[in-house]
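Worksheet: one structure, shown below.
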Amino acid sequence: MFPLDCLRSNEWAEVTDVDGDPRWVARLADVGLRAGVRLQMLQPGSPCLCEVGATRLSLRLDEHLQVFVRPLVAGLAAVGS
C-alpha cells in the first residue's frame, strides 16, 4: 500500500484507503473514489489525472487528503474496472 501519487502513467491500482477531512472523503466517495475501486493513473503530478470507471478526476493531494492504493498486475487491471 502506498500513496496514489507514487503511481506512474497508465498504471492500474486498487484503492485501499481514502484518508483526510471527512467532507473531502465523502465527496470523493460520491464521485466513485473509495476503498475497493480500481483506477488508472493517466497523468501523474500535482494535480494528477486518474480514471475511475468512466469518470476522470483531477486531484491535488496533500497532507489534508491522502489516497492509498495497491498496484495491480497489468493483466488483472481491466477485470472489474
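Picking from Leu65, Asn10, Gly45, whose Cα lies most toward the positive end of the charge dipole for the chain (charges on Cβ: Lys, Arg +1; Asp, Glu -1)?
Final value for the positive-end residue is Asn10.
Would you calculate, for the chain, the mean residue ellipticity at 222 nm contributed by helices, counting each DSSP H stretch of 4 or more residues as -39,500 (n - 2.57) and dividing by all residues, to the nearest 500?
Roughly -4000 deg cm²/dmol at 222 nm, from the helical runs in the chain.
Hey, of (1) 24; (2) 20; (3) 67, which did the structure itself give for percent of Cα pairs over 20 Å apart when calculated?
Computed from these coordinates, percent of Cα pairs over 20 Å apart corresponds to label (2).
Would you mind computing, in nm to one decimal, how far apart the modelled labels at Ala54 and Phe68 are, each placed 7 Å from Cα along Cα→Cβ?
Result for the modelled spin labels: 3.2 nm.
Once amide H atoms are built 1.01 Å from N in the peptide plane, which residues 5 or more positions from Ala35, or in another chain, come under 5 Å H to H?
Here the answer is Val18, since their amide H atoms fall under 5 Å of that of Ala35.
Readers should treat all values here as calculations from the given coordinates under stated rules, not as data from a laboratory. Only a predicted model underlies this, so the values are computations on that prediction, with no experimental measurement involved. Reconstructed Cβ throughout: ideal geometry from the backbone, glycine too, with neighbour counts over all protein chains shown.
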